[in-house]
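> Before we start, here is the structure in question, set down as structure tokens.
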Amino acid sequence: MKSTIQLFAIAASALLFGCGQGEQKADDKPAYTSHLTVGKHCYKALFEKDSAAITFDVAASGKIKGELAIQFNKNDTLDLSKGEVTGEFKGDTLFGEFSFKNKGTQYVNPVALLHKGDTLLMGQGRVMEYLGRTYFDPQVPIKFEKARFRFVPVECAK
């Protein structure tokens, strides 16, 4: 009898604890707090002989989806990486993935863009791989100070 009561108490507490978990309360703030407005945004960047362009739509949730193209000029040979960028703003930083094909091989690389003023700074960090997925090493801070690409806003093509 005593073990039945204990079992019932454990089951009831698990049920009570589980109820309401994951529900968003009305007074919770939305996750999206970036300075960028909801809608389409376009940026371009130059670094020495290299260039990059990014176009993306910001949803009300802070998630983005768009295109990123990076052109590297190596020894007067152009190497273009163009593909889809997806991610989400966390505060003033966009964390996402850049999916592209280069010379027949599919790549998915992490990307971090800091929104500072009216520019986006592409961060650099240590990239790790686990089970075929690449990601920034959480133990090493992403550096934005010496960003290779400083994206400035441009008018979006119609």
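The values are calculated or read from the model by the stated rules, or taken from the named source; none is laboratory data. Computed from a predicted structure; not experimentally measured. Cβ sites come from the backbone with ideal geometry, for glycine too, and all protein chains shown count toward neighbours.
> Every residue in the stretch 33-45 that is surrounded by fewer than 14 Cβ atoms within 10 Å (Cβ to Cβ) and touching a residue at least 24 places away in the same chain (Cβ under 8 Å), please. Don't jump to the end; show me each part of the working.
Of the residues in the stretch 33-45, the ones surrounded by fewer than 14 Cβ atoms within 10 Å (Cβ to Cβ) are 33, 35, 37-40.
Those that are surrounded by fewer than 14 Cβ atoms within 10 Å (Cβ to Cβ) and touching a residue at least 24 places away in the same chain (Cβ under 8 Å): Thr33, His35, Lys40.
> For the stretch 74-86, enumerate the residues that are surrounded by 14 or more Cβ atoms within 10 Å (Cβ to Cβ) and either farther than 20 Å from Val154 by Cβ or of a type in the set (D, E, K, R) (or both).
Scanning the stretch 74-86 gives Lys82, Glu84, Thr86.
> Mind listing whichever residues of the stretch 50-86 are charged (D, E, K, R) and modelled with pLDDT of 90 or more?
If the condition is that a residue be charged (D, E, K, R) and modelled with pLDDT of 90 or more, then Asp50, Asp57, Lys63, Lys65, Glu67, Lys82, Glu84 are the ones that fit.
> Across the stretch 90-127, which residue is nearest to the chain's Cα centre (by Cα) among those that are of a type in the set (D, E, K, R) and farther than 20 Å from Lys44 by Cα?
The residue in question is Lys90.
> Condition first: of a type outside the set (A, V, I, L, M, F, W, C) and surrounded by 11 or more Cβ atoms within 10 Å (Cβ to Cβ). Now tell me which residues in the stretch 101-115 satisfy that.
Lys101, Asn102, Tyr107, Asn109, Pro110, His115, listed by residue number.
> Now for a different question. Checking the conditions here, which among Ala112, Ala147 is touching a strand residue (DSSP E or B) at 6+ places or on another chain (Cβ under 6 Å) and modelled with pLDDT of 95 or more?
Selected residue: Ala112, the only one of Ala112, Ala147 that is touching a strand residue (DSSP E or B) at 6+ places or on another chain (Cβ under 6 Å) and modelled with pLDDT of 95 or more.
> So, one more: Name the residue that is surrounded by the fewest Cβ atoms within 10 Å (Cβ to Cβ), counting only residues in the stretch 54-70 that are under 14 Å from Met122 (Cβ atoms) and in contact (Cβ under 8 Å) with a residue 60 or more places away in the chain.
Ile70
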